[in-house]
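**Q** The structure follows.
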Amino acid sequence: MLTRQLGLRASKRWPFLSLKNLQSSQLTTVSTSNMPKVATGVKRRCANQAAASTAAESGTPASFVLSAARELADAGVSAAGLATYAEKASRIPFLLRCQILDISGDNANPLADCLLSFGALSVSTEEYKAPGQPEQEVFQDGSGRTWDRCTVTGLFSSEHDIAQTLQIVQDVLNITVTQHQIEEVPDQEWVNAMKDSYQPTEVCKGLWIVPDWCESPDPNALNIRMAPGLAFGTGEHSTTRLCLQWLFDRRDKIQSAHVIDYGTGSGVLAVAALLMGAASAVGTDVDPLAVKAAKDNAALNSVGDRLVALQCSPSVQGDDPVACIASSQQPMQFDICIANILRGPLLDLQPRLTAYVKPGGHLLLSGILVSQVAKVQDAYQGNFADMQYKEENSWALLTGVKQ
Amino acid sequence: MASKAKAVTATIKLVINAGQAKPAPPVGPALGQAGLNIMSFCKDFNAKTADKKPEIPVPVVITAYSDKTFTYVMKTPPVTYFIKQAANIKSGSQRPGHAVAAEISVKNIFDIAQQKQQDVPDMSIDAICRSVAGTCKSMGVKVVSA
């Protein structure tokens, strides 16, 4: 009913807002000239997102604009409603990429440093190939040689005044920028590039980690399905592999165990333990994206009902996450406590992690380099016996049994 | 060493706070563009800077090769960071050249130059001092002799 009412009003005063026009395939036909009194920034962004939507997959700027439009529809077509739309549409996250072409090799490094000191988030130097010219190969031989002609690309935040920075940089270095181009880089672009690089990974014989859009190369193995996102824990890293290998080697003994994965990231270790037969798992992380990723990955592997994912404070003075969910069903001590984080937090969390482990239970500490093992072991030695470590590629997994 | 030298595809420079590399910007887009394994870099960088004071800015230079592998080098924090530490200020002057944010001494300049020398071993300490003094000027930090 609202749709029809809205549809009617939309077609009279705001023709572009007619909801049926907002199917992704038709977003490209949105004409900016039909948007009365909309800020130029929003117009430009809408046109950009509309153009981007045909090439994009779902869950991208197109759906962002759709959801913004739905919010507008709910808010009503009024000045306030339009303000909500403008605000939401302008929050599509993006960065600005400025490519400075055809810079001499000698100037490339100073230019990069200068851009960084004037606000670039990162600067990338590549070879500048004029059309038709052959590639010039530069090898890493320690001489610091660079290409004769370079392209220097700076990434800036969306609010940065690049024109001013270019001016300053030219003045400071006394060089001239002859060609440059600036474009918007929606966050989705590099996130997708990152996701595309994931492949099924064999952790060891019989254990695979498979991205959710792939089929496992070995259907008979224990396959952990993952939806790779921005949380740590894709299964490729040595520390994840060390922990998974440890669990896999003892999978008969894990039956009915209660597990806590502190610093769970994507939840890969907690989910693995559950798939191997653990009774329950608690996964906590300081990053809310990780908490969500852990829940999603557990659901993906049909163990969502046995995983509790919690957010915890990055400070040790923060509340104990397990204490916060205390109940008669929730075990407060665990058979296995895994913490694959970093040396600093492992030292800070020593009292908390020690308390989590039942007498006779196992502690797994990782995310540390072999060179950092001694210090971590010293901290935990008092309460744990049989401490030993395994290493892979200079990373270590330190384990112990609670006394 | 390596049987076949690898061709370099790009050199990426950025500054990350110690122990705080995450896939989010600036690391994500910068490395993602070159097709590098972002997670692996973040984990490696965080572990290697685990011993440093957290929040100290660490400039990183990553060399990306044609086979999508990479190596990286960490450098000393930017001169601006050292100056802010020495002058005990959070940021430079809003109007450098007109408004003075703070003062530091010539001895501070020399100490900073010594720290930075590890990054530019070919430069004379004199030249580095002058460069540091120049940065002070651009931040609106005055240099006094005491």
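The values are calculated or read from the model by the stated rules, or taken from the named source; none is laboratory data. Everything numeric in this text was worked out from a predicted model, so none of it was measured. Glycine gets a Cβ as well: all are built from the backbone with ideal geometry, and neighbour counts include every protein chain shown. When the accessible area is computed, the model is the full protein with side chains, heavy atoms only, and any ligands, DNA or RNA have been set aside. Shrake-Rupley method; radii C 1.70, N 1.55, O 1.52, S 1.80 Å.
**Q** Considering only DSSP states other than H, G, I, E and B, which trypsin sites (Lys or Arg not before Pro) in the stretch A:241-288 qualify as loop sites with at most 15 other Cβ atoms within 10 Å?
**A** A:Arg250, A:Lys253
**Q** Tell me the relative contact order for the stretch A:255-375 as a rounded percent, counting alpha carbon contacts under 8 Å between residues six or more apart.
**A** 24
**Q** Ignoring ligands, DNA and RNA, what percent of the accessible area of the stretch A:317-403 is carbon or sulfur (1.4 Å)?
**A** 48
**Q** Quick one: which bits of the stretch A:210-236 get at least 50 Å² less accessible when the partner protein chains are in, versus the chain alone, with a 1.4 Å probe?
**A** Residues losing area: A:Phe232.
**Q** Within the stretch B:97-116, which residues have the backbone N less than 16 Å from the label spot 7 Å out from B:Ser124 along Cα→beta-carbon, could you tell me?
**A** Answer for the stretch B:97-116: B:114.
**Q** Follow-up. For the interface of chains B and A, what total accessible area is buried with a 1.4 Å probe, rounded to the nearest 100 Å²?
**A** Its buried surface, counting both partners, is about 2900 Å².
**Q** Over all residues in B:14-23, what is the mean tally of Cβ atoms on other chains that come within 10 Å of each residue's Cβ?
**A** If you average over the peptide's residues, the count of other-chain Cβ atoms is 3.
**Q** Still on this model: For the stretch B:54-94, what does the accessible surface come to per residue with a 1.4 Å probe? Please give it in Å².
**A** Per-residue accessible area for the stretch B:54-94 comes out at 52 Å².
**Q** Separate question: On full extension of the chain, what length is gained from A:Ala355 through A:Arg250, given 0.36 nm per residue of separation minus the C-alpha to C-alpha distance?
**A** Gain on stretching A:Ala355 to A:Arg250: 35.5 nm.
**Q** While we're on this one: Once amide H atoms are built 1.01 Å from N in the peptide plane, which residues 5 or more positions from A:Val282, or in another chain, come under 5 Å H to H?
**A** A:Val259, A:Ile260, A:Asp261, A:Val308
**Q** Please list, ordered by chain and number, the residues whose modelled amide H lies under 5 Å from the amide H of B:Ala18; skip anything fewer than 5 residues away on the same chain.
**A** B:Glu55, B:Ile56, B:Val58
**Q** Quick one: accessible surface of A:Ser302, probe radius 1.4 Å, all protein chains present, in square angstrom to the nearest 10.
**A** Counting only protein heavy atoms, A:Ser302 exposes about 90 Å² to solvent.
**Q** A further question on this structure: Once you put a point 7 Å from the Cα of A:Asp305 and another 7 Å from the Cα of B:Lys53, both along the Cβ direction, what distance in nm separates them?
**A** Taking the two extended label points, one gets 5.3 nm.
**Q** Here's another thing I want to ask about it. Hand me the trypsin sites (Lys or Arg not before Pro) from the stretch B:49-88 located in a DSSP loop with no more than 15 other Cβ atoms within 10 Å, in residue order please.
**A** Sites meeting the loop and neighbour criteria: B:Lys52, B:Lys68, B:Lys75.
**Q** About its Cα centre, how strong a charge dipole does the stretch A:197-345 have in debye, to the nearest 20, once Lys and Arg get +1 and Asp and Glu get -1 at the Cβ?
**A** Using Cβ point charges on Lys, Arg, Asp and Glu, the stretch A:197-345 gives about 180 debye.
**Q** Moving to a separate point now. Quick one: length gained pulling A:Val316 to A:Asp171 fully straight, 0.36 nm per residue minus the C-alpha distance?
**A** 47.4 nm
**Q** Any idea of the accessible area per residue across the stretch A:232-313, 1.4 Å probe, to the nearest Å²?
**A** On a per-residue basis, 34 Å².
**Q** Given the whole protein assembly as supplied and a 1.4 Å probe, what does the accessible area of B:Val73 come to in Å², nearest 10?
**A** 80
**Q** Which entries of B:Lys43/B:Lys107; B:Lys22/B:Lys53; A:Lys205/B:Lys48; B:Lys68/B:Lys90 have Cα-Cα distances beyond 27 Å here?
**A** Result: B:Lys43/B:Lys107; A:Lys205/B:Lys48; B:Lys68/B:Lys90 exceed 27 Å.
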